[in-house]
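Worksheet for the structure shown next.
The values are calculated or read from the model by the stated rules, or taken from the named source; none is laboratory data. Since we're looking at a predicted model, the values are computed, not measured. All Cβ positions, even for glycine, are placed from backbone atoms using ideal geometry, and neighbour counts span all protein chains on display. Note: accessible area is taken over every heavy atom of the protein model, side chains too, but ligands, DNA and RNA are not part of it. Shrake-Rupley method; radii C 1.70, N 1.55, O 1.52, S 1.80 Å.
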There are 2 protein chains.
Amino acid sequence: MKTITAFAPASIGNLAVGFDILGCAVPALGDKVTATRTEAPGVVIAAIGGLDLPLPTDPARNTAGKAALAILDAGKADFGASLVIHKGVPLGSGLGGSAASAVAAAVAVNALLPRPLDPIAVLKCAMQGEAVASGSLHVDNIAPSLFGGIVLTVGIDEPRVISIPAPSGIAAIVVHPRLVVATEKARGILKRSVDLSDFVWQSANLAGFIAACYRNDLDLLRASFEDVVIEPQRQALIPGFAKARAGAMQRGALGCSISGAGPTIFAWAPAAACPAIGAAIAAAFAAEGLDSTQLLVPLDGPGAYLVDT
Amino acid sequence: MKTITAFAPASIGNLAVGFDILGCAVPALGDKVTATRTEAPGVVIAAIGGLDLPLPTDPARNTAGKAALAILDAGKADFGASLVIHKGVPLGSGLGGSAASAVAAAVAVNALLPRPLDPIAVLKCAMQGEAVASGSLHVDNIAPSLFGGIVLTVGIDEPRVISIPAPSGIAAIVVHPRLVVATEKARGILKRSVDLSDFVWQSANLAGFIAACYRNDLDLLRASFEDVVIEPQRQALIPGFAKARAGAMQRGALGCSISGAGPTIFAWAPAAACPAIGAAIAAAFAAEGLDSTQLLVPLDGPGAYLVDT
């Protein structure tokens, strides 16, 4: 019998300008999955701990379970796995909780294989797990949770994962209000098309953002760091968003937007400015009667890893 | 009396993935404008030579004239300018001919000022000239014609111009068929919105393209170098496009698309592969009864400059 535990971090999806393609890891939070090899094939969800939301225990309908099944299938395993899931990322927070579970399960079960799959194969299996929760294949949380740091993913069928250099001295402040926004709802309110002029504007912001990271150009980063397509549609789901964003920008943020589908708000700023920015965002939530918690996050944090147990 | 001549190169606008925001200079072709200081304020178009299409001689309706007027106005000149325009870029070719005239005029007249404007101010004046021809402010031809190389522009009111590094060993092959596509028509056929899924796909391609240039990553460049938004709509205006593109890709192109509004087709490839790619594109045009001319173009060519006369 063999038992392996993996940790996978939370993540900020979209990063304002890269809807469904950009994200960065939030290593201060994460999910753990302990996988134990079983003689019987298939996957069993033995226990789910941590946060107390009810999650499906049918492995095919559970993000970790589905990712584990995909790994066993892709690795042609002649055995099965029993999973113990420990949720550290609040569900419905916009911090990539389902991705973290899927990645942790994929990484743990992959390590049970006699010949582990390569990282891109693991990514694809984790995507299948994430799809159970979100209803569609996307990678903006999966890729940073698996690889760490700031990550761009190009392509879905044959994903290419590119680590984007973190601008030096810059950190993220993440403020999570006690409020749940269902990802399906946050996706459902999006218009199915983008005005051509907004498409051009957002393209310029995205290209400027990527170039700014490579150039370590904070001036360009600030000029580019604005979501003109998704944020205007989703901010109505987040009480206090406009005030939070304005407060963050006034206190020196390079950009401030919604983490994933929300309601968590994040900002990038010089590390020294982050506490005041976090306080401004928290104050905007408090004015709406919402408690919140804050995390100061490095932009080059690690991705998923095996835990000594 | 003072006379100054400036040359401004043609350019490939859009570069497949950067509609209205990306372009690169084509220094083998360009327009020249000779500006002579006049005591009378305002601008006079003294002569237009080179290619023999009729162009407006009212300075406010001529791209070079309007750019010159904008420079004189921004520079608070107490004199005027007489312009001689020599067109080297075929109009309606998709090679940024109106931008080249506007940039050459702006650069020449700027050099007449006792205190010349900074490059971004010159860019803005040239944009006003380009707007006379295209009906809207856009910079994907103006910026590379002025600055050279591969250029990204973020913002219209306060444009930021970013030089993107050229992948080493890669050149562009440009094939211009004897056919005119009016920019207004090529813009007019575009849908006013982009499907959300195409928006995400094109965003990934754009971000991948920019990252690939910084990483000098030809594999990523090939994977990203595809226009899924504009090219499918415009290719019907270009006889033989699909065959040309397929032939180019078979012969090792990293990407092949429409230059600006077309009908010129360009490809990026290792320099040694460019002649065969050019031949394949020319053959596709020939099969439609179209003669064409080819240019092999470095990706780090110079922008506009003053000419010794």
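Quick notes
- Qualifying residue in the range B:68-82 (condition: closer than 30 Å to B:Val175 by Cα, assigned by TED's automatic domain parsing to the domain that holds B:Ser145 and under 23 Å from the mean Cα position of the chain (by Cα)): no
- Residue within the range B:47-55 that is free of Cβ contacts under 8 Å to residues at least 12 places away in the same chain and over 30 Å from A:Asp198 (Cα atoms) present: yes
- A:Ile45, sole failed condition from (1) open to solvent by less than 10 Å² (accessible area, probe 1.4 Å); (2) farther than 25 Å from A:Glu231 by Cα: (1)
Okay, residues lined up against (1) modelled with pLDDT of 95 or more; (2) closer than 18 Å to A:Val43 by Cα; (3) in the same structural domain as A:Phe266 (by TED's automatic domain parsing); (4) of a type in the set (Ser, Thr, Tyr):
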site	(1), (2), (3), (4)
A:Ser101	yes, yes, no, yes
A:Ala104	yes, yes, no, no
A:Asp140	no, no, no, no
A:Ala143	yes, no, no, no
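- Residue within the range A:66-74 that is out of contact with any Pro (no Cβ under 9 Å at 6 or more places or on another chain) and surrounded by fewer than 22 Cβ atoms within 10 Å (Cβ to Cβ) present: yes
- Taking the conditions (1) surrounded by fewer than 24 Cβ atoms within 10 Å (Cβ to Cβ); (2) farther than 18 Å from B:Asp217 by Cα; (3) touching a strand residue (DSSP E or B) at 6+ places or on another chain (Cβ under 7 Å) in turn, B:Phe266 satisfies each one other than (1).
- Residue in the range A:14-29 that is polar (S, T, N, Q) and more than 22 Å from the chain's Cα centre (by Cα) present: no
- Among (1) away from every other protein chain (no Cβ under 14 Å); (2) surrounded by fewer than 23 Cβ atoms within 10 Å (Cβ to Cβ); (3) in a loop (DSSP other than H, G, I, E, B); (4) modelled with pLDDT under 95 - the single one B:Asp78 does not satisfy: (4)
- Verdict on A:Leu221 being open to solvent by less than 10 Å² (accessible area, probe 1.4 Å), among the aliphatic types (A, V, I, L, M) and assigned to a helix (DSSP H, G or I): yes
- Filter pass, A:Gly135 being more than 11 Å from chain B (Cβ to nearest Cβ), at pLDDT below 95, at positive phi and surrounded by fewer than 21 Cβ atoms within 10 Å (Cβ to Cβ): yes
- Residues of the range B:1-33 classified as more than 14 Å from chain A (Cβ to nearest Cβ), outside any strand (DSSP E or B) and touching a Phe, Trp or Tyr at 6+ places or on another chain (Cβ under 7 Å), total: 0
- Every residue from the range B:144-158 that is buried (at least 18 other Cβ atoms within 10 Å of the Cβ) and either more than 7 Å from every other protein chain (Cβ to nearest Cβ) or of a type in the set (Val, Ile, Thr) (or both): B:Pro144, B:Ser145, B:Leu146, B:Phe147, B:Gly148, B:Gly149, B:Ile150, B:Val151, B:Thr153, B:Val154
- Under the condition of being touching a Ser or Thr at 6+ places or on another chain (Cβ under 8 Å) and in a strand (DSSP E or B), the residues counted in the range B:268-309 number 2.
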